[in-house]
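A.B. asks: Handing you a structure now.
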Amino acid sequence: MNSKLILTLDGEIINEYPLDAETLSIGRKHDNDIQLNDLTVSGRHAMISRTQPDQTFVEDLGSTNSTLVNGSHIKKMALRHGDIIQMGHHQFTFLDEGGVQYEPTMFIKAEMDETQMVLPDWESREESIKGQPLAGLRTLNGPLARTVMELRKPFSTIGFQGHKMALISRGLDNYTISPVVAATKSRRSSDHALLNGKEFGPPSAVTLKPKDVISISGFEVEFYFIH
């Protein structure tokens, strides 16, 4: 069995780890097989183990913030192809198909967008949205399907092959999306983000609703509120 873990952070692929050893430790301490620089991850957070040639397990090692698989808290469980393991802010996608291919082409990044840095109320806005309803994006297709990103920051961008294509803004009572217009305009539909299959804006941003689907060059993510 050719299995591996794909590590992602904020929707971006960081690294991949082939599972060619019997055990693989994950945590914040430097002596782990995989070290995560994440204060929400425990020193010795979790263990990946292969007890049989065709069976791989993930086990939480009594971590402070727990280990989740596909959104559910676990102590120990067998992994299946495509399972999403959450440890702190990091996610691992378990792939166990020989020769599985993936394209790290789509990224979703929370940031302080350059076009918004001139706003004098940036810090007050970031403080004021705390406690407001929190939303996220759920990947619907491809090898990284079911990967989830929480939209905690006031601004998040979605892009393709390093180019920003849409900006999601978190307001006091809703989330909106607007296109990022490239300096060189292209007529190809693949160069534009789509909302529910259609181009959106400008001039005005569009309010996002639960189950809205954002598409970029064949990749799809679904907007939802986290309860």
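The values are calculated or read from the model by the stated rules, or taken from the named source; none is laboratory data. What you see is a predicted model, and the numbers here were worked out from it, not measured in a lab. Note that we place each Cβ from the backbone using ideal geometry, even for glycine, and neighbour counts take in every protein chain shown. SASA here: full protein model, heavy atoms, side chains in, ligands and nucleic acids out. Shrake-Rupley method; radii C 1.70, N 1.55, O 1.52, S 1.80 Å.
A.B. asks: Just subtract the alpha-carbon distance of ALA145 and THR40 from 0.36 nm times their residue separation and send over the number in nm, one decimal.
C.D. replies: The span from ALA145 to THR40 would gain 35.4 nm if fully extended.
A.B. asks: From the phi of every residue in the stretch 25-41, what ³J(HN,Hα) in whole Hz does the Karplus formula 6.51 cos²θ - 1.76 cosθ + 1.60 yield, where θ is phi - 60° and glycine or proline is x?
C.D. replies: 8, 10, x, 7, 6, 5, 8, 6, 5, 10, 9, 10, 7, 8, 5, 8, 9
A.B. asks: Something else: Out of residues 5 or more away from ALA193 or on other chains, whose amide H comes under 5 Å of its own, with H placed 1.01 Å from N in the peptide plane?
C.D. replies: none
A.B. asks: Subtracting the Cα-Cα distance from 0.36 nm times the residue separation, let me have the gained length for LYS211 to HIS81 in nm, one decimal.
C.D. replies: Gain on extension, LYS211 to HIS81, equals 44.3 nm.
A.B. asks: Something else about it: Expected output is a single nm value to one decimal: the length gained when fully extending between LEU172 and ALA21, i.e. 0.36 nm times separation in residues minus the C-alpha distance. What is it?
C.D. replies: Computed gain between LEU172 and ALA21 is 49.6 nm.
A.B. asks: Something else: What net charge do the residues around ARG44 carry, taking every other residue with its C-beta under 14 Å from that of ARG44, with Lys and Arg at +1 and Asp and Glu at -1?
C.D. replies: Around ARG44, the surrounding residues sum to -3.
A.B. asks: Enumerate the amide H contacts of HIS89 below 5 Å, restricted to partners 5 or more residues apart or on another chain; note that Pro and chain-start residues carry no placed amide H.
C.D. replies: Counting only residues 5 or more places away or on other chains, the set is THR40.
A.B. asks: Going by amide H atoms built from the backbone, whose H comes under 5 Å of the H on SER3, apart from near neighbours?
C.D. replies: Sorted by chain and number, the residues that satisfy this are LEU19.
A.B. asks: Separate question: Counting Lys and Arg as +1 and Asp and Glu as -1, each charge on the Cβ, what is the dipole of the stretch 27-96 about the Cα centre in debye, to the nearest 20?
C.D. replies: Its charge dipole is roughly 160 debye.
A.B. asks: Cut-off 16 Å, label point 7 angstrom out along Cα-to-Cβ of GLU222: give me the residues of the stretch 68-98 whose amide nitrogen falls inside.
C.D. replies: Backbone N within reach: 70-72, 84.
A.B. asks: Take the solvent-accessible surface of the protein heavy atoms, probe 1.4 Å, and return the percent of it on the stretch 1-55 that carbon and sulfur atoms account for.
C.D. replies: 43 percent
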